[in-house]
1. Starting from the Cα of Lys134, draw a straight line to each of the lysines and keep only those under 18 Å, dropping any in the same chain fewer than 8 residues away.
2. What ³J(HN,Hα) values, in whole Hz, does the Karplus curve 6.51 cos²θ - 1.76 cosθ + 1.60 give for the stretch 12-18 when θ = phi - 60°, with x put for Gly and Pro?
3. In terms of the Cα gyration tensor, with a ≥ b ≥ c the square roots of its eigenvalues, is the stretch 68-171 rounded because a/c is under 1.5, prolate because a/b exceeds b/c, or oblate?
4. Calculate the translational D of the stretch 8-86 in whole µm² s⁻¹ from Stokes-Einstein, where the hydrodynamic radius comes from the Kirkwood formula applied to all Cα pairs, the temperature is 20 °C and the viscosity 1.002 mPa s.
5. Taking the Cα centre of the stretch 18-129 as origin and charging only Cβ (+1 Lys, Arg; -1 Asp, Glu), how large is the dipole, in debye to the nearest 20?
6. Given the stretch 29-69, what whole percent of its Cα pairs are spread farther than 15 Å?
7. Using amide H atoms built 1.01 Å from N in the peptide plane, name the residues 5+ places from Gln74, or on other chains, whose amide H lies under 5 Å from its own.
8. Checking the table Lys50/Lys123; Lys106/Lys130; Lys27/Lys106; Lys20/Lys46; Lys116/Lys154; Lys50/Lys106 against a 26 Å threshold on Cα-Cα, which pairs fail?
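Computed from the coordinates by the stated procedures, all read-outs in this text should not be read as laboratory data. These figures come from a predicted structure and were not determined experimentally. Backbone-built Cβ (ideal geometry, glycine too); neighbour counts: all protein chains shown.
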Amino acid sequence: MKTVSLSGSLRENVGKKDAKKNRREGKVPCVLYGGKEQVHFVVEEKPLKKIVYTPEAYIVSLNIGGKVHETIIQDAQYHPVTDNFLHVDFLEIIPDKPVTIAIPVKAEGTPTGVLKGGRFIHKMRKLKIKALAKDLPDFIPINTDALDIGDSIKVMNLAVDNVTFLDSPNSVIVGVRTARAVVEEAVPGAPGAEGAAEGVAEGGEKKEAAKKE
C-alpha cells in the first residue's frame, strides 16, 4: 500500500477549550493509539484533507515531534454543519498485528452484458478488510468481462492472498442489470401487464433523467 507523510505537534493541553482553540487556528485535534501509549497531537487541516478526501487508502507515516509512527486513519469526526474535522483517530501499525481498513474497489474490463445493452451497477466502492500491513493492497481489482445481464460479483466471490474480507459475503459489489427490468418482471399474459410495465419503466426512466439533471 502507498505511504504518505504527515507532520503533527504534541498537544500541550487536552480538553474542549484547547481543542476549540486549535480548530480556530486551522489545526485538527488527533489521537494516536494502538502502541504502548496514547499520544494526543494536532495536525494542519489542509494536508489532512488531501489524505482523507480521496478514494484512495494510505499508510500514513506520522511524524510527531520528531518521532515517526507508521499508522492508518481509523476514524474521523466531522462538524454537522461545516463538515470540518472535529477529531481524527490514528491507529499505530504493529508489524505482526492485523489491521482493519477500507480499501477501494477497482472494476476492470467491459461486461458482456453491457455490450448487449445492460446497465453496469457498481454498488460498493470500498471493502473492509483485515490483514497485516505488509499484505495491504492499494485496491481490490475486479474483472467484469464475464458479467452477463443478471450476473453479479459478491464479496464471497473474492479471494486475495492473506486478506480477510469483513463485509457480508452476500453483499453485491458489481453487477449488470437489464435496462428495462420492470418490463421483464411483468406477468406474461396478464391484461394490460405489458402496457402497465412499459408505463412504469418509462416513468422510472423520466425520474432517473430528472435526478441526473
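1. Partners within reach: Lys2, Lys97.
2. 6, 10, 10, x, 4, 4, 5
3. Details: a/c = 2.97, a/b = 1.62, b/c = 1.83.
Here the stretch 68-171 falls in the oblate category.
4. Approximately 161 µm²/s, per Stokes-Einstein.
5. Details: 18 positive and 13 negative charges, 105 e Å.
For the stretch 18-129, the charge dipole is close to 500 debye.
6. 47
7. Amide H neighbours of Gln74: Asp89, Phe90, Leu91.
8. Distance filter (> 26 Å) returns Lys27/Lys106.
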